[in-house]
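Structure record follows, encoded as structure tokens.
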């Protein structure tokens, strides 16, 4: 997908940045980060800090910028725990995230400080939650799609999973897996497989556990 401001692409960029930073700037060892590395965003490289032994270590920022948003992500899927973290908009944008994100925030009359992003994943699934202060989830979703509609190489269809209305993004590139967008109140969730397309059973469990 070439639309860098689509929810799916933004989610991949966000996950790549966050998990790369948490692993010290190298390749993350979790499945969500492996998939997210397919996004073209450069990983975060924290500044080295001298230690008593004279060898550099790395000072990482806090990656629990919005704990309440993290709590909306299920704690486990398929019997496997979900690892969660979150970033404030200032942390996310300052880390070198998609430059076009600024256009989305401007369209919403918001600043990076109004944005929060939470991430969760295991070997099965990657879940990202977005929240912008004072903006409904449907408005956030519309802003992303309006920013990327000219270059969005995907088919958007309405689906119902576990009784919840969602949107399925199916890339025109058949080598890419579909992802799912779900809006609840003022939060937008992006759900995608971490190591392949999600099965119906996996999707049912995920959506049953989402708010």
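Descriptive notes on the structure:
- Count of the range 134-162 residues which are closer than 21 Å to residue 203 by Cα, at pLDDT below 90 and under 19 Å from the mean Cα position of the chain (by Cα): 3
- Those residues of the range 62-74 which are part of a loop (DSSP other than H, G, I, E, B) and surrounded by 12 or more Cβ atoms within 10 Å (Cβ to Cβ), in sequence order: 63, 65, 66, 71, 72, 73, 74
- Residue within the range 31-53 that is over 22 Å from residue 207 (Cβ atoms) and at pLDDT 50 or above present: no
- So residue 184, is it more than 24 Å from residue 102 (Cα to Cα) and modelled with pLDDT of 95 or more: no
- Enumeration of residues in the range 115-156 that are touching a helix residue (DSSP H, G or I) at 6+ places or on another chain (Cβ under 6 Å) and free of Cβ contacts under 8 Å to residues at least 60 places away in the same chain: 115, 116, 118, 132, 133, 143
- Residues being within 17 Å of residue 73 (Cβ to Cβ) and in contact with a strand residue (DSSP E or B) (Cβ under 6 Å, 6 or more places away or on another chain) - total across the range 163-185: 5
- Residues (modelled with pLDDT of 95 or more and part of a strand (DSSP E or B)) located in the range 163-179: 164, 165, 166
The values are calculated or read from the model by the stated rules, or taken from the named source; none is laboratory data. This one's a predicted model, so the numbers in the text were calculated from it and none came from an experiment. No Cβ is skipped: glycine too gets one built from the backbone with ideal geometry, and neighbour counts run over all protein chains shown.
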